[in-house]
Amino acid sequence: MKTKPTNKCLHVLLVDDDPADQKLAKLALHKIGQMDVVVHVADNLSDALRCLQESTFDVVLLDLGLPESRGIETLERVRQVEDQTPIVVLTDLCDEKIALESMDKGAQDYLYKQDVAVETLARAISYAIQRQHLYRQLAAANSLLEQKNAELEKLCDTAQKFVDNVSHEFRTPLTVIKEYLSLLREGVVGKTPLDAEQCRFLDIACDRADDLNTMVDDMLDVSKLESGLLVAWRKPCRLEDIVAGVQPTLEKKAQVKGVDVQIDLDGGLPEIFCDEEKVRRVMINLLINAIKFCGDQGRVRLWARRDDLDRNVVVGVTDNGPGIDRDHLQAIFQRFKQVGLKTRGTSKGFGLGLNIAKELVDLNFGELKIESQVGHGSCFSFTLPQNDPVEITQRYLNQLQRAGLAQHVSLLRAHVDESDVHQLGGELDVLLHYLLSGNDLLIPASAGSWLLLVAKPETEIPAFLADFSRHRDEANRNRPQHDLPIVHFHFIECASVCDQPQAILENVEQALNPDVPSHV
């Protein structure tokens, strides 16, 4: 075990084999007036290493020209034994290359003996000790930060697992409850037909089960948003198909609540580019909110129109409820915030629906707005981008810039051989989306061809491609029939999100247009 003298002296280990240099160094050290200096002398490397193993020193003055070792090797051997004590090289080797290499290997300073004055040596020793002290503080703070981060990651993982487990435990009895309620409601079980009042009670029970199921979805979405696990599977789709998927749930809830719901979609709506499931969640949350707060003779209208000027499709939900005061308009988008308006029935929820709706709209490169007038109702509307790859890329880059999510984006083109296109069945599309993070973008270019905008520098792309290859191989091991075809990747460019967005847009446009010569 190392020993450390208890007196408040400056303990210096002088490693030098020249008696004359030792004497001059001692004289210089003893003229340092700030504190008493105790000089320990080692005239060879072996003695120096032994001293460092047995005792602790405030600083080491090291000559690189010793009998057993010469040059940078001397410093390396000392650092192997002691990596904490500051070292000042004090040598007669006037070599700039060795000086720079010494600093790189851990020396705090490099002094040429013939040029050293007392003041220079004192200052070098003081600075070396101070820098080493600051380094130790920084290392300790960094170690503590890493420990706290590890604990935080563990807590986040525990919280995520807890939410997932609780959600699963909720869904299982909910599914059973709904199945039994449906059997009773449809007359599959029971000896006598149900009267109107009994049917109404069962419908209310089913509706409350749906409300609870929505709350579970909200909790899961919040958990995934907080942990960065909620990603979007954006692709070209039709709004009419999304509305058709929402309509049965909407009509059932409206019937139970006694609300008149109208669906009013403009004809000839253009194709949109979005995550279909998440847009459906936005619609359900907005519609449930409208039905909950609409007036006594409740009327809710789901509408959609095209906006070619901004390359959007605008979707809105309008109700005839009490309206929202101007001071509360922004507050309603905060999590766990409800502004105290009168609702139809007793269901209140967690106050998550509107906040999650806003987050999901943002995820789909859109914007959620509200217009409301007290006493006349409210209108929530959100935009979805039309299926225009260049416009979508622009919104994607804008989102990265605003959030500071990435500094560089790498653009790649992926495709399969024409003979393999028929084997896809959407499975490669699923695999590509699975590997992309929430900060990446996948644009279908044609059958069996995609553009990938990956929020990583060029140096990280080989690892990304290796990860894809590994997952493809794992998927093929579990396939009973044809293997997934080989995907060919072509790197196009890596550009700065802030400084070179136009270059990214131009390359996307060029890669999508087969008539324009490509440099790929």
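The values are calculated or read from the model by the stated rules, or taken from the named source; none is laboratory data. Values in this document were obtained by computation on a predicted structure and should not be read as measured data. Counting neighbours? That spans all protein chains shown, and the Cβs are built from the backbone with ideal geometry, glycine included. The area values use the complete protein model at the heavy-atom level, side chains included, leaving out ligands, DNA and RNA. Shrake-Rupley method; radii C 1.70, N 1.55, O 1.52, S 1.80 Å.
At R0 = 30 Å, how high is the FRET efficiency between residue 296 and residue 263 if r is their beta carbon distance? Nearest 0.05 is fine. The formula returns an efficiency of 0.85 here. A simple spin-label model places the labels of residue 437 and residue 9 5.6 nm from each other, with each point 7 Å out along Cα-to-Cβ. Highest mean first, the peptides 82-92, 428-438 sorted by other C-beta atoms within 10 Å per residue fall in the order 82-92, 428-438.
Note on the stretch 376-462: Cα Rg divided by 2.2 N^0.38 Å, N the number of residues, gives 1.34. Potential lengthening of the chain between residue 70 and residue 194 amounts to 34.6 nm, from the contour at 0.36 nm per residue minus the alpha-carbon distance.
Once the Cβ-Cβ distance of residue 247 and residue 325 is raised to the sixth power relative to R0 = 25 Å, the FRET efficiency obtained is 0.20.
The order of the peptides 375-385, 36-46, 275-285, 195-205 by mean Cβ neighbours within 10 Å, most packed first, is 275-285, 375-385, 36-46, 195-205. Under 18 Å of direct C-alpha separation, and excluding same-chain neighbours fewer than eight residues apart, residue 257 reaches these aspartates and glutamates: 197, 203, 207, 210, 211, 296, 319.
Extension gain for residue 79-residue 458 works out to 132.9 nm (0.36 nm per residue, less the C-alpha to C-alpha distance).
Residue ranking by accessible heavy-atom surface, 1.4 Å probe, largest first, among 454, 188 comes out as 188, 454. Length gained on full extension, residue 143 to residue 114, computed as 0.36 nm times the residue gap minus the Cα-Cα distance: 6.3 nm.
Starting from the Cα gyration tensor of the stretch 358-401, take the square roots of the eigenvalues, sort them a ≥ b ≥ c, and report rounded, prolate or oblate (rounded when a/c is under 1.5, otherwise prolate if a/b is larger than b/c, else oblate). Cα axes put the stretch 358-401 in the prolate bin.
Of the chymotrypsin sites (Phe, Trp or Tyr not before Pro) in the stretch 456-507, not one is in a loop by DSSP (not H, G, I, E or B) with at most 11 other beta carbons within 10 Å.
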